[in-house]
Every structure is written in C-alpha cells, then in structure tokens.
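Encoded as structure tokens, the structure appears first; notes follow it.
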Amino acid sequence: MSALEARRQQRAEQQLALLQTVLAAATDAVLITEAEPVRAPGPRIVYANAAFTRATGYSEAEVLGRSPRLLQGPRSDRRTLDHIHAALERWEPVVAELVNYRKDGSEFWVELSISPVADETGWYTHWVSIQRDVTERRRAAEHLNQVRAEVLELSVRQRPLVEVLSRLLAAAERQFGGLPVALWLEGAQAWIGTDASAEPIARPNWCERPDTWQVPIQGAGGPPWGTLVVAAQHSPTADEALQLQGVGQLAALLIERAADQQALEAGHLALGRALQRAEVLAALSDALQRASTAEEVAERALARLGPALQAQSMLMMRLDGEALSLPSVWGEVPAAIAAHMTRPGLRLRDTPVLQQVAASRQGTYFGNYQHIPGALDTFPALAGGVEPILTPGGRLAGFLVFWQAPHQAGEGADAPGLLRHAANTLGLALERATHLSQLEAQFAALQAQTRVLEATTEELVAFTYSVSHDLSTPLRHITSFTQLARRHADDPRKLSRYLDIVEQGAQRLGTLIDAMLQLSRTSRRPLQSAQLDLDTLVAQARRTLTAEHQGREIEWQISPLPRVQGDQAALGQVVEQLLSNAVKFTRPRPSAQIRVWAEDAENGWTFWVQDNGVGFDPTYSGKLFGIFQRLHRQEEFEGTGVGLANVRRIVARHGGHVHARGQLGEGAQFGFTLPKSRYGGEH
C-alpha cells in the first residue's frame, strides 16, 4: 500500500470512528440495518450502540446479522407493526410507539423513529432506527387513569370517605415507588393512611421530618381540607410534582364530593344545584384530560362553565409577567369590555380588578362592577366574578372571568365554589399542556438531529469518495508535473508550462480544502434563533450578486415573503447560495429570468428560487445536495460542489428539508421548507 493510499484509508477510518463516537455517546438506542428485505425475515442489523445494549440487554455481537424483529413479542401491537412495515415498503420515515422485549423476556415501551439512508446515487442502502424508552411515562398514565376510575367508582357507590381516600393513598404509594403516604383530614381531625381496614391512624413519626413533600388539599369553599404528605428525602422532579398535584386534586374532588353529599343529606344544598355542579365538574375534568394545548384547555373549560353559571359571557386570560394575552372568549362579550381586553400590549396595571386579584391571590365577586373601587368607567354595570388561575407550583398563570346581567346575580350553579374549583383544575391542565408542548419540542429537536445525522452519514460517504477522487486528482497533477519540471529544468518554455499546471493544481486543492473547512464550521457554529424577514435576506443577497455580475441582463420576479424563526447569518448563506446558483447557471442565456416566492403549507413555509438556466438531469437530483457532487464540468461552471451540501446542512439544523426540480436545458427550481411547528412564520 502506498503512503498516499495509507493516508486516505487513515482519514476514512478517522471519520468513521468519529461517527461511531457520536452514536456511542447517544442516550437513545440506535440501530442501523440493511435496507432490505423489509418483509420477513426482515433486514439484518449492522450496528447497535451502547444505549441499545443498556436498554435491551443484548450486546452488539448478539444482534449483528439478526433482524430487529427479535425485539417483538406477544404484546407487540400488530396494527402498529403493520403501519411501520407499510411505511418501510414505501421508503418513508415513520414514528410509532410499541411494546418491545428485552433479552430476559421483560417488556418495555419505546418511542421508535425509523428513517431510510441513501447513497450518493439516491439508492436506499440502510435504515437508521432511534428508540427511546417511554415505559415509565406509559405506566404512569395508565396507573393514574386506573386509580381515578377505581376511587371515583367507590365514591359513586357512596363508600365511606376514609375507605375511598385510603384506596387513593395506597395507589399513590405505589406510584411514588413505595414512599410512605399519609393524609391529614382537617374536618375529621384525623390521619388517614393506606390501612386496608379504612380506619384513621396515629400521626406517622416520619411526618415530622422537614424534607417531606406536602401538598394542601384545597377545596372550593376557602380554607384547606387537609394536607397530603409523602415521606420523600429529595426534592420532587417536574413529573413527580405534577403527579403529586394530581393526587391532591383527586383527593380534593373526593372530599368535596363527600362534603356535598353530606350537605345534601343535611338539607344544606339544593338537590338541583348539587347535581348540576357534579355534572359540570365531571364533564370539565373529562374535557380537560383530553386537552393538549392551552387554547384547547380554555375552549373546553369555558364551554362547560358558561351555561352552568348562567353567564352572559366568560373570558380566560393568560398572564406572562405583567403582559396579558388575548382572551379566550365564550358568549356575547359587551363591546366596551371586548375593546379594552383585546387591546395590543395590554398590561396587568390596565385592568384594576385583575390587578387586585393578582395581589391577593383570592377571587372576587360583585353584583355591580361599577361599585368596585377603581372600576373602569367604560365598562357596563354587570354582575360577575374573577378567580386567579394558579399552577401546581403556585405560579399565577392567568384569570377566569364571568359576567352576568345584574338581575341574574346569584342564579345558576354556586359561582364562587364552581369557579374556584375550575380555576384550580385549569392551573393543572395548563401545566400539563405546557409539559406536552415541551415534549413535542424535544421530539421535534430529536427529529432535526436525526436529519442532520442522515446528512452527515451521506456526506461522510461522499467525503471518502472525494478524498480518493476530487482531492487526489490535483495531487497527482502536482506530483507528475513537478517530476516533469525537474527533467526539463533546462527548457524554460516547458518548465514554465509545467509549473503553471502545478500552480493550478495547488490552487484547486486549496479551494477544495477551504470549502470543506467552511462546511465544517457551518456544522459547529451554534444557531442564534430570532424572528427574521426573508425579504431582507433576498435583498442583501441581490446587492452582493449585482456587484459581482455587472453588465448581465437579469430579470428578477420576487413575491412578498414571510417572516420566519431562524439564524439570520445561516439562513442568509442559504438564500445567497440559491440565488448565486441561479445567476451562475443562467449565464449562457441572453436574458436571465429568476423568480423567488414562498408557499404556505399546513405545517411549513417553502421558499423557492426558479431560473431559466441550463437545468440538470432529474435522474441525478439525489446527488445535488451531497458534498463535492457536480453535474457540470469545471470548465463550464466554476464551483467546489460544497454550496448545496452547506444549504442542506443548515436547513436540516433548522428542522427543515431541501428540494430540487429541473430538466436539462429547461431551467431548475431549488427550495427549502421550515416547519411551522417549530418556526411559525407570518406575512
């Protein structure tokens, strides 16, 4: 093996070692399989990282050459597997959740993301599978639903409150990994534990420790009904805090229901109102369990509460610092109230009643708004009330407001009790919706990383090819013509020509190396995300290109473009590269025609650049965005073959993807899409 070949092999091995290091350090399990066969017996595994071994118990040696189907078992859902197989047969990426089995036969839930990987010709060669263990999340959700159903059934059957709460505490103890749980019931002046006899217990000694978790059981009637205590010796995680608050909310609902039942039996509560309130609370709880965004939370809550309160209108406003969001609305809001509450830049100080509620953290109710100190003169004299919405962590998240005609004040369900309970439940639901949004953002980030990994894998293959071809060609020229120059040192004319060729080869080699360094810097530089205007980026790119191509006849057709979220410098490179390519490849045309526009899709903005240049053979469109991939000779059009690879890498880091369309002699159309789920744009 020559020294040059040894260096090429060493460089390729270093790149492969770098890729393996990245995969080995990943926290999610990663499998790479051959592309085929998709049907039984399935593609063979060619790589498994350390996280896969930790998750399944299989070593890499035990799974190499076998199909991922070895992870399936009796409870692996057939419909989910059929869905995955159908996507693989179409060579499409797929995301799903299903049950897998470890080497020891135990089962666990995984969130599975599978993507195809193609070589430089566009032929699919492998599948990359990223698996995340979501067992605890699934178990917690299933357990909470089961417990909720069991204790509510006991409550409906009118079992003693102590028995119902004991069953809830026993389930909570399992939910928190065996940590002892107890509840102080203020009304009965008694401690309740997990004792199956459903009798009050003596105060547990561990309750005296200062590091226990304690959650007040807050009823809608004012003071707490008790305290839930867990014998923990560490601060709760975010998930544990949400679960703890959920147990407390459920305990409050059970105690409140029992109290309502007792009041009914004693004649202190009208039967009609109690039934209405129970129905509204049950319906509200069910509706909020299904809501996944803050907007859904507001829509479902107001639709249930408005009719029960016989309200004329209702508002839910979220608070961020001192800024009030545009309200979610139910019913007919009076024009003066709507005009004030929907003002741009509305602050808490602009709404005196909300400001008072924020300061006291207590609700307020009134028979005539105009009788409240500091009332706004423009508001009508309506009855109504305001309750603060507090998250489980005690953060003021917003306000729940209802309005009634003055003659209706006091009609409908018990407004203070129902509104307080609804506000408490809304706080929990908003926290849950925020948590879900964060999880979705994390998954979107993971998908973006997957796309970057796919692009890096393809570029690694292209880089290996480049080392053996693109870089070796100028090196051979330098070596060969240097030897010729030595032989003909006494012939000035030949010597000059040979040295010119050596110089050209060195310049070409330097250009290729600079291009690779630029691509490497693009991958390492952190993105600085901000709102940016694509019109501005296009204008900047045009100024640069106009200065470089004086004297050419170029007709620009540029439509209004949206604002998007992204890194201005990085996306500026993308826009300039696409416009530069359009200008370059229209050079043979007497008049260049370049069109720029954006398309609004359901989940993303697509930016397009179209030209009337030389175009390309669509058979090779899969090679265009690879490193050092060129479809035209260097003598025809200058370039390194790195520009479009750089475009794809930047767009992938933003969570998007690239496009190319064209025909030989008929022009080309290049573009990229940014997903609205992460980077919502606007005109």
Net charge of Cβ neighbours under 15 Å - reference A336; Lys, Arg +1; Asp, Glu -1:
-2
Ranked from the most accessible area to the least, with a 1.4 Å probe and all protein chains present, what is the order of T27, T586?
T27, T586
Probe 1.4 Å, heavy atoms of protein chains only: per residue, the accessible area of segment 337-380 in Å² is 55
Quick one: which residues, 5 or more positions from A397 or on another chain, have an amide H under 5 Å from its amide H? H modelled 1.01 Å from N in the peptide plane, none for Pro or chain starts.
I389, L390, T391
In whole percent, and with a 1.4 Å probe on the protein chains, what portion of the accessible area of segment 22-164 is carbon and sulfur?
53
Candidate residues H407, H654, H126: accessible-area rank, largest first, probe 1.4 Å
H407, H126, H654
Read phi for every residue in segment 83-99 and hand back ³J(HN,Hα) as whole Hz from Karplus 6.51 cos²θ - 1.76 cosθ + 1.60, θ = phi - 60°, with x for Gly and Pro.
4, 5, 4, 4, 5, 5, 5, 8, 6, 10, x, 8, 10, 7, 10, 7, 8
Partners for K623 among lysines (Cα-Cα distance below 26 Å; same-chain residues under 8 apart left out):
K584
Just how much of K584 is accessible, in Å², when a 1.4 Å probe is used and the result is rounded to the nearest 10?
30
Under the Karplus relation 6.51 cos²θ - 1.76 cosθ + 1.60, θ = phi - 60°, what is the ordered set of whole-Hz ³J(HN,Hα) values for segment 296-306, x standing for Gly and Pro?
5, 4, 5, 4, 5, 5, 5, 5, 7, 6, x
Accessible area per residue of segment 56-133 at 1.4 Å probe, in Å²?
50
Starting at the first residue of segment 566-575, write each ³J(HN,Hα) from the Karplus equation 6.51 cos²θ - 1.76 cosθ + 1.60 with θ = phi - 60°, in whole Hz, x for Gly and Pro.
x, 8, 5, 5, 5, 5, x, 4, 4, 4
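The values are calculated or read from the model by the stated rules, or taken from the named source; none is laboratory data. These numbers were taken from a predicted model, which means no experiment stands behind them. Because the Cβ atoms are built from the backbone with ideal geometry, glycine has one as well, and the counts that use them run over all protein chains shown. We work out accessible area using only protein heavy atoms, side chains counted, and drop any ligands, DNA or RNA first. Shrake-Rupley method; radii C 1.70, N 1.55, O 1.52, S 1.80 Å.
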